[in-house]
1. Only one of the listed values, [x] 48; [y] 30; [z] 16, was derived from the coordinates as percent of Cα pairs over 32 Å apart; which label is it?
2. Any idea what the alpha-carbon Rg over 2.2 N^0.38 Å comes to for the stretch 98-188?
3. How far, in nm, would the chain grow between residue 198 and residue 123 when pulled straight, counting 0.36 nm per residue and subtracting the alpha carbon separation?
4. Starting from the Cα-Cα distance between residue 74 and residue 40, subtract it from 0.36 nm times their residue separation and give me the gain in nm to one decimal.
5. Which residues make up the longest stretch of the chain that has no GluC sites (Glu not before Pro) in a DSSP loop with at most 14 other Cβ atoms within 10 Å?
6. Tell me, what HN-Hα J-couplings in whole Hz come from the Karplus equation 6.51 cos²θ - 1.76 cosθ + 1.60 at θ = phi - 60° for each residue of the stretch 81-94, using x for Gly and Pro?
7. Relative contact order for the stretch 98-188 using alpha-carbon pairs under 8 Å, separation at least 6, rounded to a whole percent?
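Just so you know, all these numbers are worked out from the coordinates, no wet-lab data involved. Small disclaimer: the values here were computed from a predicted structure and weren't measured. Here the Cβ positions follow ideal geometry from the backbone for every residue, glycine too, while neighbour counts run over all protein chains shown.
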Amino acid sequence: MASYQLLPQLLRELVTDQAIAEIGCTWEEQDQCLQQFHQQQQISSAAEQQAWLTKNHLTERQLATIVTRPLRIARYKQATWGAKLESYFLQRKSQLDRAIYGLIRLEDLGIAQELYFRISEGEQSFALLAREYSQGPEAQTGGLIGPAELATLHPTLAKVLTVSQPEQLWAPIQLGSWWVIIRLEKFIPAQLDEPMQQRLLTNYFKNGFRNNWKTWGL
């Protein structure tokens, strides 16, 4: 297992199993999980399930443990960190906000300034000039990028987008070796909806286990 780099993953799963050992589920929930498993594996009878168990060297009890594991992990996350989600979300919201924006990047400041004036005066469209002049992959989309989380962007770019109004065009700004023209298309504030809750719970889960994993040398 070590030669195939499988040992670290196995040890992580063992630590997880220890954490959820006391988390249970009802017979109805177990039956629902089993039905979902049957659909995924295209099992339609008890005989087919037994054949699958035999092939994979598992018992019915072990199968029940496997199919309910995601539910028990989700329940453990909620019980352990659910009450902290709102404050955690508010702390990270500025990084989770997203933006759709236009970007033209150039190495030459003079050309960047010329393009900025063409756009601001309505002589040519942002998209047209981005396709013709931008020196990054955004040229293929007419300079349009996103939605992108602010946390994934260059700090200066993220700050500019945060204070921008829709369709606000910025004169060339230096980002590293590039001069960029930026225009905000749409700002999308993060919301603590169900997908976001699950994402934050997963982050908590991973961070909470990191110290335990380190004790195993992972």
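1. Among [x] 48; [y] 30; [z] 16, the one derived from this structure is [x].
2. 0.97
3. Roughly 22.3 nm would be gained on extension.
4. Working: separation 34, 0.36 × 34 = 12.24 nm, distance 1.98 nm.
So the chain would gain 10.3 nm between residue 74 and residue 40.
5. The reported range is 23-106.
6. 10, x, 5, 9, 4, 4, 5, 5, 5, 5, 5, 9, 4, 4
7. Over the stretch 98-188, the number comes to 44 percent.
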